[in-house]
1. Among the residues of region 418-431, what is the count of those that are within 22 Å of Leu355 (Cβ to Cβ) and exposed (fewer than 14 other Cβ atoms within 10 Å of the Cβ)?
2. When region 163-191 is examined, which residues are found to be within 15 Å of Phe62 (Cβ to Cβ) and aliphatic (A, V, I, L, M)?
3. All but one of (1) hydrophobic (A, V, I, L, M, F, W, C); (2) in contact with a helix residue (DSSP H, G or I) (Cβ under 9 Å, 6 or more places away or on another chain); (3) surrounded by fewer than 17 Cβ atoms within 10 Å (Cβ to Cβ) hold for Ile374, so report the exception by its number.
4. Just a yes or no: is a residue in region 412-421 touching a residue at least 24 places away in the same chain (Cβ under 8 Å) and closer than 30 Å to Gly123 by Cα?
5. Could you list all residues from region 402-416 that are within 21 Å of Ser313 (Cα to Cα) and part of a helix (DSSP H, G or I)?
6. For Val225, indicate whether it is within 30 Å of Thr165 (Cβ to Cβ), within 25 Å of the chain's Cα centre (by Cα) and not assigned by TED's automatic domain parsing to the domain that holds Arg353.
7. Output the residues belonging to region 364-388 that are assigned to a loop (DSSP other than H, G, I, E, B), within 28 Å of Lys452 (Cα to Cα) and among the polar types (S, T, N, Q).
8. Out of Asp350, Asp344, I need the residue that is in contact (Cβ under 8 Å) with a residue 12 or more places away in the chain, among the acidic types (Asp, Glu), under 14 Å from Lys417 (Cβ atoms) and surrounded by fewer than 20 Cβ atoms within 10 Å (Cβ to Cβ). Which one?
Amino acid sequence: MSFALGFLFLLSFHAKAQKKSWNNLFDGKTLNGWKQMGGKAKYEIEKGAIAGITVPSTPNSFLVTEKEYEDFILELDVLIPDTTTNSGIQFRSHFNPEANNGQGRVYGFQYELDGSSRAWTGGIYDEGRRGWLYPLDLNPAAKKAYRRGVFNHVKIECRGNTIKTWVNGIPASYLVDTADTKGFIALQVHSIGNDEKKAGKKIYWKNIRITENFKDSPFPAGVYVLNYSPNVLTESEKQNGWKLLFNGVNAEGWKGAYKPGFPEKGWKIENGIITVLSSQGQESTNGGDIVTVDQFSAFDLSFDFKLTTGANSGVKYFVTLSENNTGSAIGLEYQVLDDKVHPDAKKGVDGNRTLASLYDLITAKKPGNALHAIGEWNKGRIIVYPDNRVEHYLNGQKVLEYVRGSEAYRTLVAASKYQKWPNFGEAEQGHLLLQDHGDEVSFRSIKIKELK
C-alpha cells in the first residue's frame, strides 16, 4: 500500500513539475515583459489578447520580448480576421540599430501568419535578411491546417539547428539552419505602406507560453526537410531514404559525359563545393559536362547552386548518353542562369530559357522574391513522380509542373530544339548531369531520394 501511495505521489509531483515548466509570456492584462521596435503600429489589450493594429506610412512593427530564448517550445493562439492582412511571429531574432539609415531593423526567423488564399501559415521566413526559407509549397498538406476567422494554435520548436512548426497540431515546416541559435520573440504587424483602406486592421495573439524544458516532438516521415547544412544529411533524411550524390570531398559517383572517368580539367572540388570553371562561355569545350555514374527513374533531387555574373549552366535529368552528340549531352534541363545578364534569357519562347525553367519547353513562374542574389546560394529541386508528373522548385517555391510523355509535353517538344531527338525526355531512366556551359557555377548539397 505504501509503495502504491509513493508511486502516485511521484506521478503527481512529475505532473506538477511538467506544468510548472511552462512560463506565460503574456499575463492577459498588460504588456509587461515586452517592448516595441520598428514601426509605429498600435498594440493594445482586448479581452485577454494582444491586438496589433495596422497604421499607414510606417514600416513593419514588432512587439518584442525583453528576454532572449535559445532552445524552446513556444505555443500561442492567433486570430487574423481579415484575409488581406499578413503577420508573423519572430523567434531567435535580433535588432540591427544601424539598418534603414539608422532607424534600425528587426531580422531573424519568422513563423508566417498568412490569412490569404496562398495559405502559407506555418512556413518560415527570414525577416530582414534572406527571405523565404521554408514556403509551404514544400509541404502542401499543411496549407489546409489554417482556419480563417477563428483562433489558430501555433507551435514552434527550436533545438540546436533544428526548427519545426505546427498549425493546429498539423506539422508544417522542418528546417535545419545555423544562422541564429538564440534571440528574442516578437509579434509582427506588417506594414501596409500608405494604403489608408487597410488602416485599423487587427491581429490577435493570446495564451502565449514557452518552455525550455522539453522533449523533441516527432514529425511525420513524409515532411520535406530543408537542410541548410552543406553536404550533410540529418538522421531524419537518412531514415527517409535520402542519399548524397556529392560527398563534398571528391568526384566519387561522377564521371565525364561520354568519358570513362572524371574530367582532368575544367572542374574544381574544394571546400565542399564542386565548381565548373569558366572557359569564356564556350559550351563543353573545357572539362565538359559531368554525369552521375548511376541512373535514376522516379526521384526527388535537391541541389544548391551559386551563379557568377552572367553565368549559364544547368542540371539535366534522364540523360541517356545515347545521342553521341557534340556539345552538351542531351536531356531534360533545369536551367541555371543569370537572367538579368545572360542573353539566353531573352531567347526561346515566353522566357522558357530563364532560370529554373524546363529549358526551351516550359517557363518557370518565379515570384519576385524567389531568387537569391548572384554570388549567394540558391536551392533547386526537381521531383519526378512514378506516374511521370514533374515539378521544378526554386528556393522552396514551386515554379512549374508538367507530365512527361503527355500530349501537351510532346507538342512542346515538337516546337523546340529537341524535335530531332526521338522520344526526347521519355526514357525510363537516365543519368543526372551538371552542365559545363563555359561559365563559372558552383554546386553543393546534391542529394536524392528515389521514389517508388
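1. Here is the first cut: in region 418-431, the ones within 22 Å of Leu355 (Cβ to Cβ) are 418, 424-425.
Add one more test, that the residue is exposed (fewer than 14 other Cβ atoms within 10 Å of the Cβ), and what stays is none.
Residues that pass the stated criteria total 0.
2. To start, the set of residues in region 163-191 that are within 15 Å of Phe62 (Cβ to Cβ) comprises 183-191.
Selection gives Ile185, Ala186, Leu187, Val189.
3. It is condition (2) that Ile374 fails.
4. Scanning region 412-421 turns up no residue that is touching a residue at least 24 places away in the same chain (Cβ under 8 Å) and closer than 30 Å to Gly123 by Cα.
5. Filtering region 402-416 down to residues within 21 Å of Ser313 (Cα to Cα) leaves 413, 416.
Within region 402-416, just Val413 meets the criteria.
6. Values: within 30 Å of Thr165 (Cβ to Cβ): yes; within 25 Å of the chain's Cα centre (by Cα): yes; not assigned by TED's automatic domain parsing to the domain that holds Arg353: yes.
Yes.
7. Answer for region 364-388, where residues must be assigned to a loop (DSSP other than H, G, I, E, B), within 28 Å of Lys452 (Cα to Cα) and among the polar types (S, T, N, Q): just Asn388.
8. Numbers: Asp350 fails: under 14 Å from Lys417 (Cβ atoms).
Answer to the check: Asp344.
The values are calculated or read from the model by the stated rules, or taken from the named source; none is laboratory data. Remember, predicted model here, so these are calculated numbers, not experimental data. Reconstructed Cβ throughout: ideal geometry from the backbone, glycine too, with neighbour counts over all protein chains shown.
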